[in-house]
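Since the structure comes first, as structure tokens, the remarks are kept for the end.
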């Protein structure tokens, strides 16, 4: 009888626990808490925090990518740390310090490989996604920037010191990848982006004016310089923060591009790469992100205007609305089908959730100096 | 002591079980087994079946959508059944027979509402995604086709008998939705599609030539007729199967469209809606799907050519390859970032998995007369 009672009691406690743990991972996310080296695990559906993962080292400018099953994240820290975390158990699974200074990474389209772009010692290192063991080391004699996962188990990256773009092809042999090296891209690439179809790799240049596009649909890849007058052309206006190229948007055949050092959004025709319009903004733009339906572009700003957001009409290029969520709006992440947007309000230690139509506040989550917000649907997208 | 031993034994058996169950849901999928009224649960990463969910009624022409957390699927059966299944526990959670004959459904962009388009009694019924309780009944005096989830918690649907398009807006009051009714769309819409940005709703017409586009970015929505000579214009060639409009593809500003009753793929400029090219094919096309990077369009065929697939170059419109996976290739589903494609080979009771670059066979899964394949990443996409 006692045994039966114990079993019954255990059934009561273990069965609900099992049910509690079983859950889908499509509506989860991670928020980088840079100063405390931690990640906040959040549930989009509940608009709530589920818990925290600690011990990730230096997370300033950290970014992360997700495994195809949306259970694990790979976090790229400024200290060269590559950390694999389990968002279901909320634990660090593995951690390696793989370089002296890393700035970003990518996961291959088959989910097997993690590539990290390094400042120190430069080049790219590729790791096994399961074990984090080194699979390939690709020195390039340069710091590397703007790494992305190109279709076909490839990675693409730009080199700061040598002005090149390298395409690393792991489809035949992960340990001995094929290399395509494109020279003469321009002086000092500082960042790059790959469009979501994997076709266009756009490289931003620090050392000269203009930008470079690599069209990966052509064989060999086609290199085009464009916007020859674009760049830091007003030396009396300091650049408070170089805009991320990941902050560009391709909406209905038109790029929306945060202008470096100007209070403007530039609209560029994607077919002929010429400027078609400019929108005057409330400050120096950092991210210009299309709402997932692309009908609007949402913009945040460098200091001293980083308390604001502006919403711009994709068709008319007019500012529709100016919002002031609070001090230090560092990052925006849209729900995958665009119903709501989550905003990091760093200096107020909170994340604000807004309806993307009414723009009303729907909820708020406490977080420690939050910066990047990453929802798990990124696992299914190219170039993030 | 005995209690301790029992506890220890239970720990051994329950803890591994718990670990086994914990898993991400981003790489799962469901395959419709139409003749047995069952769903095969599959794991993309393992290229394997995990189990089967039975008791779903008549699944001919069945389709399904996923909850935002990628745990639950809502299955729309031909018998009017709306079934909610849990892919983690592999059980039917709820089932209602909501109409006499239904042909498809959609989930709102906030994940709260399920809409079903009905032949009998016609119109659209909207259900609570959690409970499957009726939230709104929208009679339209017509059979309805081509229902899709438009951004902003809206549904859009076409009416077969009356040639209209209805937009049902649940953003203010789910139980009393706002209705926008567009008349004069054309005679007998038989299917429709919404592009992935939610902008263009394309309606196919059975009763007259040509197609109709609704531009949802305009206010009011802009209605445009196009391809006035398109349709069944060769009466000596029977149409074995009307192509699904969901089989259209928008790749780099160009629609690839399976021509009704012809052995051709039509290429239509999305900006001005005029035909720009045709590709000769090996049979009557059914689905023309872009690989997720859009560099290729993959086409399957109506009988007697439904053992084949053709791969077409998006830029040159040339056929690159003809594959013969086997008898009854009914459906293709790409991995979200396009690394592989899964093919239903119905008459051979198997699903074949191919590399989308080398086009080699990577694996095979036994299934009972498989038709539709649905991966969970659809939860994050508009218009599916």
Euclidean distance between Cα centres, the range A:340-377 to the range A:163-190, Å: 36
Peptide ranges A:138-147, A:262-271 listed from the most packed, as the mean C-beta count within 10 angstrom indicates: A:138-147, A:262-271
Between 0 and 90°, nearest 10: helix A:2-21 axis offset from chain A longest Cα axis: 10
Taking all pairs of distinct alpha-carbon atoms in chain B, Kirkwood radius in angstrom: 21.6
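Among A:83, A:224, what is the fewest-to-most ranking by other Cβ atoms within 10 Å? Please list the in-between numbers first.
Working: A:83 25, A:224 12.
In increasing order of surrounding Cβ atoms, one gets A:224, A:83.
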Nearest-first distances (nm) between copies at residue A:172, label 7 Å from Cα via Cβ: 6.3
Nearest-first distances (nm) between copies at residue B:130, label 7 Å from Cα via Cβ: 4.0
For the range A:99-235, convex hull of alpha carbons as volume per residue, Å³: 102
Cβ-derived FRET efficiency at R0 56 Å, residue A:282 paired with residue B:355, nearest 0.05: 0.70
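Please give the calculated 222 nm ellipticity per residue for the protein assembly as shown, where each DSSP H segment of at least 4 residues contributes -39500 (n - 2.57) and the sum is spread over every residue; nearest 500 deg cm²/dmol?
Working: 2 runs with 40 residues, N = 768.
Taken over the protein assembly as shown, the calculation gives -2000 deg cm²/dmol.
Averaged across B:192-201, how many Cβ atoms of other chains sit within 10 Å of each residue's Cβ atom? If you can, show how the numbers build up before the last one.
Working: counts 0, 0, 0, 1, 3, 9, 7, 6, 0, 0.
What the average comes to for B:192-201 is 3.
Take each of the peptides A:156-162, B:163-169, average the number of other beta-carbon atoms within 10 Å over its residues, and list them starting from the highest. Write out the running numbers ahead of the final one.
Working: A:156-162: 24.3, B:163-169: 21.3.
In decreasing order of mean packing, A:156-162, B:163-169 become A:156-162, B:163-169.
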Whole-number percent relative contact order across the range A:99-235, with pairs defined as alpha carbons under 8 Å at least 6 apart: 14
Other-copy label distances relative to residue A:215, 7 angstrom Cα-Cβ extension, nm: 2.6
Length-normalised contact order of chain A in % [C-alpha pairs under 8 Å, at least 6 apart]: 11
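On average, how many beta carbons from a partner chain sit within 10 Å of the beta carbon of a residue in A:22-34?
6
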Cα gyration tensor shape for the range B:32-82, rounded if a/c is under 1.5, else prolate or oblate: oblate
For B:89, B:195, order by how many other beta-carbon atoms lie within 10 Å, fewest first: B:89, B:195
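Take every Cα pair under 8 Å in the range B:292-384 that's 6+ residues apart, average their separations, divide by the length, and report that relative contact order as a whole percent. Kindly include the intermediate steps, with their values, before the conclusion.
Details: 194 pairs, mean separation 17.5, N = 93.
Here the relative contact order equals 19 percent.
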Three-way shape label, the protein assembly as shown, alpha-carbon gyration tensor, a/c 1.5: rounded
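Could you work out the mean count of beta carbons from other protein chains within 10 Å of each residue's beta carbon in A:374-384?
Averaged over the peptide's residues, the number is 4.
Each reported figure results from applying straightforward, stated rules to the coordinates on display, with no laboratory input. The model shown is predicted, which means the values in this text are computed figures rather than measured ones. Neighbour counts are summed over all protein chains in view; Cβ atoms, including those assigned to glycine, are modelled from backbone coordinates with ideal geometry.
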